[in-house]
Amino acid sequence: MQRIERPQTVEELKKAALEVRKNLLKLCSLQTIHIGGDLSVADVMTVLWQYQMNYDPQDPNWEKRDRFVLSKGHASAVTSFNQAAIGCFSAEDVWNEYATDEGRFSMHSCNLVNPYVEVSTGSLGHGFPVACGMAAGLRLKGNNTSRVYVVMGDGEQSEGSIWEAAMYAVQQKLGNLVAIVDFNGLEADGSLEEITALGDIAEKYRAFGWNVCEFDGHDIANIKGYFDNLPPVDSEQPTVFICHTIKGKGVDFMENQARWHAGKITEEQYAAAVVDLESKFAQEGAQG
Amino acid sequence: MIKIDFEKKTFLRDVLGGYMQELGRQDEKVVVVNADLMGTCRNRSFVASYPERSFNVGIAEQNMISFAAGLAHEGFKPYAFSMAPFISMRGLEQCRTDVAYAGLDVRLMATYAGVSGGISGATHWSLEDCGIMCSIPNMTVVETCDEVQAKKLLEKSLDYSGPIYIRSSVEPVIGIYDDSYDYEIGRADTIMAGDDGAFICAGVTVKYAVQAAKNIFQKHGKKIRVVDMHTIKPIDRQAIRTAAATGAVVAVHDHNVMGGLGTQVGQVLAEEGIGVRFANIGLKDHFEPMAHASYLYHKFSLDAEGLEQAMLGLLK
């Protein structure tokens, strides 16, 4: 497979994020996917996978790669389309194989069939502590160039194991660990405010000793800036990005609707959503 | 190979915890993960020798198992120590999803097997762990009964592929094997030969089965086979067939009768279509108030006297 040129500029990344969203919606017209949380984290994931991560699609076991753990394992589709964009496989592969009996792609990421899945996830509260162990393992091996990126949901913060790991990552001085919280405010049953409100999540992580960056998770320039300015890999404080996002971002009828946590859309909805996305993208471009 | 020594008194946590230092010397990939029971699990010598390869996550067993999985993802050989109930239940989903599903070489070092936690009470007993762990795909389940075996098991664990749940009692055990013992994960060992009946046992109950077999021979002249089924999964089916050929099998395990060694043996007997007189001795599927382990072993017929009665009951 040809090495693919990756987006470098903010404009290129915005275009790349648009493509990821279109790919997601097409899949959503074919299969039930966790579209709401895919769309909320799509911008962060685009910058992370297509710009930030040091990763060779030809060699998913390359020792010097940055590691990625999808702790919110249901965002498998947005991960797959970003991996497709850098040449791990094609978007067609994802559309064709998703939720098929021998396919590589499904509702939750599975390493048994897909070597680009570092850690199989799905049950919440697992990926984060596993990522901590990986970060400690990298340190122990003397690998001071690879980072471990782990993406969590906000609802997932209710799991006790998240806070067990949050404490220990600081204790172990895992400055090579970057945790990302997709704070879209909604979980499967409704809003966090109604279920188990997180309060000031940034302050909670800060109190645990983390380097906390809190920002708009749809502002590509901003996201890129925070990745560009990460502390050195060999620093001693883990970093968490609290990304304020909108569940279903980009598709009017899905935005901030808990019922679009997972679902399937019709052909008509797909066509309308793509028009919607394209027109918003054009408007933003015109506004500069 | 067999050198039964009733006078020898070994505490397996001293052996398993202490031998980690030697294992760490042999293989620099060995790492030890604790959850605030580093002293209880006797890992101080490893921690002192290899502080950089020692992790203590605090009282957080879920994190301990997932963190160990992360270390294994990076090529290390983690030995995660705690009490059996906390590994097998508090950290169960982590054992299953983060370790077994991923097929990682994590060693789950579970002390306080069965009711050996005694007066600590049911919170610190593991009546269920063997059944739980045997039901997890990819998981190898072993239990050790003496010092020589425990060390050889640890040696074998260095290069064994896939996760292993290693169960051990905190009650003292006796000497069973000598240094020439050739231990293999997955192959049961016959401690005493005999064709009149067979005990199938593991861990702390081995010493009681050996004593019961000796008593039965002295009193009744019957030769009872004693099979150390140290690998509970994958279980040695041939050893079960051979034991069943004696006509009477007593399986004994410091575990609930549901899901323990007796359940695993019974399943093989049924699958093989073997009709045999069979007794499944263990804890009787209810919770007990805290008591000393020796009292509980006697109450539930796991001790030598109880096993003797169980076997004689089948031989009638």
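The values are calculated or read from the model by the stated rules, or taken from the named source; none is laboratory data. Remember, predicted model here, so these are calculated numbers, not experimental data. Cβ coordinates were reconstructed from backbone atoms using ideal geometry, including for glycine residues, and neighbour counts include every protein chain displayed. When the accessible area is computed, the model is the full protein with side chains, heavy atoms only, and any ligands, DNA or RNA have been set aside. Shrake-Rupley method; radii C 1.70, N 1.55, O 1.52, S 1.80 Å.
Summary of values
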| read-out | value |
| --- | --- |
| Set A:39, A:30, A:18: member being in contact with a Gly (Cβ under 6 Å, 6 or more places away or on another chain) and either closer than 22 Å to residue A:254 by Cβ or in contact (Cβ under 8 Å) with a residue 12 or more places away in the chain (or both) | A:39 |
| Elements of type strands (runs of 3 or more DSSP E) in the stretch B:36-128, at least 3 residues being in contact (Cβ under 8 Å) with a residue 24 or more places away in the chain and closer than 22 Å to residue B:20 by Cα | B:77-83, B:107-111 |
| Output for the stretch A:18-42, where each listed residue is over 15 Å from residue A:107 (Cα atoms), open to solvent by less than 10 Å² (accessible area, probe 1.4 Å) and not aliphatic (A, V, I, L, M) | A:40 |
| Among (1) under 23 Å from residue B:30 (Cα atoms); (2) more than 7 Å from chain B (Cβ to nearest Cβ); (3) in contact with a His (Cβ under 7 Å, 6 or more places away or on another chain) - the single one residue A:122 does not satisfy | (1) |
| Residues of the stretch B:26-52 that turn out to be within 11 Å of chain A (Cβ to nearest Cβ) and open to solvent by 20 Å² or more (accessible area, probe 1.4 Å), as a count | 4 |
| Criterion (over 24 Å from residue B:237 (Cα atoms), open to solvent by 10 Å² or more (accessible area, probe 1.4 Å) and touching a strand residue (DSSP E or B) at 6+ places or on another chain (Cβ under 6 Å)) met by exactly one of B:105, B:179 | B:105 |
| Residue that is farthest from the other protein chains (Cβ to nearest Cβ) [pool: residues in the stretch A:140-173 that are in a helix (DSSP H, G or I) and out of contact with any helix residue (DSSP H, G or I) (no Cβ under 9 Å at 6 or more places or on another chain)] | A:171 |
| Any hit, the stretch B:231-246, residues being of a type in the set (Ser, Thr, Tyr), open to solvent by 10 Å² or more (accessible area, probe 1.4 Å) and at pLDDT 95 or above | yes |
| Residue that is farthest from residue B:266 (Cα to Cα), among those in the stretch B:182-216 that are open to solvent by 10 Å² or more (accessible area, probe 1.4 Å) and among the charged types (D, E, K, R) | B:182 |
| Residue in the stretch B:91-114 that is more than 14 Å from chain A (Cβ to nearest Cβ), farther than 28 Å from residue B:292 by Cβ and of a type outside the set (Ser, Thr, Tyr) present | yes |
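Yes/no matrix, rows are residues, columns are (1) out of contact with any strand residue (DSSP E or B) (no Cβ under 8 Å at 6 or more places or on another chain); (2) surrounded by fewer than 24 Cβ atoms within 10 Å (Cβ to Cβ); (3) under 19 Å from residue A:47 (Cβ atoms):
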| residue | (1), (2), (3) |
| --- | --- |
| A:70 | no, no, yes |
| A:113 | yes, yes, no |
| A:116 | yes, yes, yes |
| A:179 | no, no, yes |
